[in-house]
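First comes the structure, then the notes that go with it.
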Amino acid sequence: MANVSKINGFSPVKHLNGSPYNGQATMYAHSSGDATALFVGDVVKLVGSGNAQGIQYITAATSGGAGTGAAAVGVVVGVVNTKMDPVTGKMTNGSIALDTPQYVPASTEQYVMIADATDVIYEVEATTASSAYTFTAADVGLNANLTAGAGGSTATGNSSFSLDMNDSGATATLPFKIVGVSQRPDNAMATTAVKVLVQLNNSQFKGGTGTAGV
């Protein structure tokens, strides 16, 4: 059976030592001056300032030029509703629609939860700049870039980020390292829409230089 393409960003699944990812995350802030929206599954990077409460600002990561990628800090795993202020403990008047997809619109001040541990392993679909890519065993161990796609879905709140195998190889500055393939019956290798396991190769918490792929 062919794999089903479902591009929805990067999803944390476990740590490098094999222990499961249990939802641990750190709160960051998205600035009202940031014209890029954020969705669950987006890769993000630190920016050079924080908000009035001293919470670090982040923004969506970008792929950079061929063979390069800006260092990143982690992946969006949750969005705090704008009616809630987890720092002051206050909540503005009005109800919260619990069935409304949670994402951060462009130019909106909002808190987000980021999986930022440097040893987290993420699952992501392997593509060529969001188009179909046939993944093979020889790709395991390489480094690869990310691609943001056409933009996240305001209907689901999910990211359009994927792993860009069109820009992959041994280059140390590529942002992700491929450590394997998700082992399950609906994820056959040597075909398209393969869900692969990656680790952040150049974390902003570890110098941002990365190591060469193999």
Any idea what the relative contact order of region 75-214 is, in percent, if you count C-alpha pairs under 8 Å spaced at least 6 apart?
25
Residue-normalised accessible area of region 69-214, given per residue in Å² at a 1.4 Å probe
43
Which Cα, out of Ala117, Gly169, Gln56, lies furthest along the positive dipole direction of the chain (beta carbon charges, K/R +1, D/E -1)?
Ala117
Among DSSP bridges having both ends in the chain, what percentage is antiparallel? Round to the nearest 5.
90
At 4 °C and a viscosity of 1.567 mPa s, what translational diffusion coefficient does Stokes-Einstein give for the chain, taking Rh as the Kirkwood radius over Cα pairs? Give it in µm²/s as a whole number.
74
Could you check which residue among Pro175, Pro105, Pro86 shows the biggest mean-square fluctuation in a GNM of the chain with a 10 Å Cα cutoff?
Pro86
Where the only charges are on Cβ atoms (+1 Lys, Arg; -1 Asp, Glu), what is the dipole of the chain about its Cα centre, to the nearest 20 debye?
200
Calculate the spin-label point distance for Gln53 paired with Ala190, positioning each point 7 Å from the Cα along the beta-carbon direction, and give it in nanometres.
5.3
Protection-proxy order for peptides 205-211, 25-31, each taking the mean of Cβ atoms within 10 Å per residue, highest first
25-31, 205-211
Build a GNM of the chain with springs between Cα atoms under 10 Å: which of Gly18, Gly69, Gly78 gets the top mean-square fluctuation?
Gly18
Please go through the residue pairs Lys6/Lys206; Lys6/Lys45; Lys6/Lys195 and name each one whose alpha carbons sit more than 20 Å apart in this structure.
Lys6/Lys206; Lys6/Lys45
Give me the percent of the accessible area of the chain that comes from carbon and sulfur atoms, probe 1.4 Å, all protein chains in place.
55
Taking the Cα centre of region 117-214 as origin and charging only Cβ (+1 Lys, Arg; -1 Asp, Glu), how large is the dipole, in debye to the nearest 20?
120
Per the 1/(1 + (r/R0)^6) rule, R0 = 22 Å and r from the Cβ atoms of Val87 and Ala35, FRET efficiency to 0.05 is 0.40
Between region 11-88 and region 116-166, what is the separation of their alpha carbon centroids in Å?
16
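The values are calculated or read from the model by the stated rules, or taken from the named source; none is laboratory data. This structure is a prediction, so every number in the text was calculated from the model and none was measured. In this analysis, Cβ positions are derived from the backbone assuming ideal geometry, glycine residues included, and neighbour counts consider all displayed protein chains. Accessible surface areas use protein heavy atoms only, side chains included; no ligands, DNA or RNA. Shrake-Rupley method; radii C 1.70, N 1.55, O 1.52, S 1.80 Å.
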